[in-house]
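Only one structure is covered here, and it is reproduced in the block below.
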Amino acid sequence: MIRYGGLTLILAVVFVETGLLIGLVIPGGDSLLLATGLLAGANVLPVPLVVLLVSMIIAGVAGDLLGFSIGHRMGKGLYHKKDTWYFKRKHLERAQKFYHEKGKSAIVLGKFVPVVRTFNPLLSGVTGMHLGRFILLSLVGTTLWICSLVLASYYLGQQFPHLKDYLHYAIPIIIFLSILPGLFQYLKERKKTQKTT
């Protein structure tokens, strides 16, 4: 996807993942960022690192703003929306729980949790968070999320440029690493449920 779509496709996926609920069903997220950094570091993706990071951050914040405005317009009606192929109420409830537990920091921390990352902007809009505060939190969270994953894999790609020849082995590892935060969150919630029963 990165090799043939280039930077344009990467930015589109980063934008859609948080800007539209369809982001729940398209490939991307953490694995896309890790693969992007790896390929950029190995010179397969010929884009300067600063341009790559800044453009991805802008796409991520723009996606958050779209999600925020959709949530603001939908209001409480979001909670009455029926399940569809791209919207599942259980995902909304999971994100809402995370949002209420973490407070305002959920916008920053939620960037590292796949399902929460998509719903947080919507919930911020629904709850009427001040736009200026939301933009600041989105900028901080998006910058941390993108820079940490892209830079880590970028320097890995620079140190081991031959990794690009073994992407069919590297991608499953990247995907595994990208689902670890969600897995830890799931195990944590399961442990809490077992304690209460």
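In what sequence, highest mean first, do 52-60, 12-20 appear when ranked by Cβ atoms within 10 angstrom?
Numbers: 52-60: 19.9, 12-20: 22.1.
Per-residue mean Cβ counts within 10 Å order the peptides as 12-20, 52-60.
How do 137-149, 107-119 rank on mean C-beta neighbours within 10 Å, highest first? Before the final figure, lay out each step's value.
Numbers: 137-149: 20.2, 107-119: 24.2.
So the peptides 137-149, 107-119, ranked by packing, come out 107-119, 137-149.
How much solvent-accessible surface does MET74 expose, in Å² to the nearest 10, with a 1.4 Å probe and all protein chains in place?
70
In whole Hz, what ³J(HN,Hα) sequence does the range 112-118 give by Karplus (6.51, -1.76, 1.60; θ = phi - 60°), x for Gly and Pro?
8, 10, x, 5, 4, 4, 6
The values are calculated or read from the model by the stated rules, or taken from the named source; none is laboratory data. Computed from a predicted structure; not experimentally measured. Glycine also receives a Cβ, built like all others from the backbone with ideal geometry; neighbour counts cover every protein chain displayed. The area values use the complete protein model at the heavy-atom level, side chains included, leaving out ligands, DNA and RNA. Shrake-Rupley method; radii C 1.70, N 1.55, O 1.52, S 1.80 Å.
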